[in-house]
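> Got a structure for you, questions after.
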Amino acid sequence: MNGDVSYNFPWVRGELELSRAALEAIEAHARRDYPSECCGLVTGPADDPPLADHVMEERNLADRYHALDPERFPRTSRTYFKMDELRAARAFEQGRRTGRPVKLIYHSHVDAGAYFSAEDGATFAVGGVLQWPCAFLVVSVRDGEVADRKLWVHVPGTDRFEERPVRVRAP
């Protein structure tokens, strides 16, 4: 993205409700990819701003990058996720065009908490500017089971992210 992100979208501020089916799909993805981190996007209807209801699983490319250049990419998929940024940019653009914007990027942490790491922060905010117009969900998977999940939003003008409640919309 270009860093020109609108904070007017409610989901960017954490005003977000995951459908029960979307949350279950994210958690299933996290369990299935364990002991690697998973990652993906969640879209929702523009005319229902809080709702995020469609999961788009992405492939974690960390191991591929690590194999090609272990000095530049020292971490593997167990402790790092690398999403295809071109695919993600296309998904954001398609979402704008079709009225189903990407509202959430998710990833898991393996045998660790659902915190938003310094590396996550450096990836998604540069010089105090949010790089993608969405919120972020981190799912903690311990011993192959989901242990926790936390929603994170960018604090405008900083490189910090704050936790917001994870809300689930009943079917």
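> List, please: which pairs have Cβ atoms under 9 Å, are six or more places apart or on different chains, and start with a residue in the stretch 154-171 that is exposed (fewer than 14 other Cβ atoms within 10 Å of the Cβ) and end with one that is of a type in the set (Val, Ile, Thr) and not in a loop (DSSP other than H, G, I, E, B)?
157/129; 162/153
> What is the number of the single condition among (1) assigned to a strand (DSSP E or B); (2) more than 16 Å from residue 10 (Cα to Cα) that residue 158 does not meet?
Among (1) assigned to a strand (DSSP E or B); (2) more than 16 Å from residue 10 (Cα to Cα), residue 158 violates only (1).
> Follow-up question, since we're still on this one. Give the residue that is nearest to the chain's Cα centre (by Cα), with candidates limited to residues of the stretch 138-155 that are over 20 Å from residue 37 (Cβ atoms) and in a strand (DSSP E or B).
Out of the qualifying residues, it is 153.
> Tally the residues that are among the β-branched types (Val, Ile, Thr) and out of contact with any Pro (no Cβ under 9 Å at 6 or more places or on another chain), restricting the search to the stretch 1-53.
Residues flagged as among the β-branched types (Val, Ile, Thr) and out of contact with any Pro (no Cβ under 9 Å at 6 or more places or on another chain) within the stretch 1-53 amount to 2.
> For the stretch 72-103, what are the residues that are touching a helix residue (DSSP H, G or I) at 6+ places or on another chain (Cβ under 6 Å), farther than 26 Å from residue 50 by Cα and basic (Lys, Arg)?
Once the filter is applied, which keeps residues that are touching a helix residue (DSSP H, G or I) at 6+ places or on another chain (Cβ under 6 Å), farther than 26 Å from residue 50 by Cα and basic (Lys, Arg), the stretch 72-103 yields only 82.
> Out of curiosity, is residue 106 in contact (Cβ under 8 Å) with a residue 12 or more places away in the chain, within 16 Å of residue 131 (Cα to Cα), exposed (fewer than 14 other Cβ atoms within 10 Å of the Cβ) and in contact with a helix residue (DSSP H, G or I) (Cβ under 7 Å, 6 or more places away or on another chain)?
In short, no.
> Hey, among the residues in the stretch 127-137 that are of a type outside the set (Val, Ile, Thr) and part of a strand (DSSP E or B), which one's farthest from the chain's Cα centre (by Cα)?
The residue in question is 130.
> Being part of a loop (DSSP other than H, G, I, E, B) and among the acidic types (Asp, Glu) is the filter here, so list the residues in the stretch 78-126 that pass it.
Residues satisfying the conditions are 84, 111.
> Go through (1) closer than 19 Å to residue 145 by Cβ; (2) under 13 Å from the mean Cα position of the chain (by Cα); (3) acidic (Asp, Glu) for residue 85 and report which single condition fails.
For residue 85, the failing item is (1).
> Can you tell me how many residues within the stretch 19-61 are surrounded by 18 or more Cβ atoms within 10 Å (Cβ to Cβ), out of contact with any Cys (no Cβ under 7 Å at 6 or more places or on another chain) and in a strand (DSSP E or B)?
Result for the stretch 19-61: 10.
> Related question: When the residues of the stretch 144-153 are filtered to those that are closer than 15 Å to residue 134 by Cα and out of contact with any Lys or Arg (no Cβ under 6 Å at 6 or more places or on another chain), which remaining residue is surrounded by the fewest Cβ atoms within 10 Å (Cβ to Cβ)?
Checking each candidate, the answer is 150.
Every residue, every condition in (1) in contact with a Leu (Cβ under 6 Å, 6 or more places away or on another chain); (2) modelled with pLDDT of 95 or more, yes or no:
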site	(1), (2)
50	yes, yes
76	no, yes
90	no, yes
104	yes, yes
122	no, no
126	no, no
139	no, yes
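The values are calculated or read from the model by the stated rules, or taken from the named source; none is laboratory data. Because the structure is a prediction, the values reported are computed rather than measured. Glycine gets a Cβ as well: all are built from the backbone with ideal geometry, and neighbour counts include every protein chain shown.
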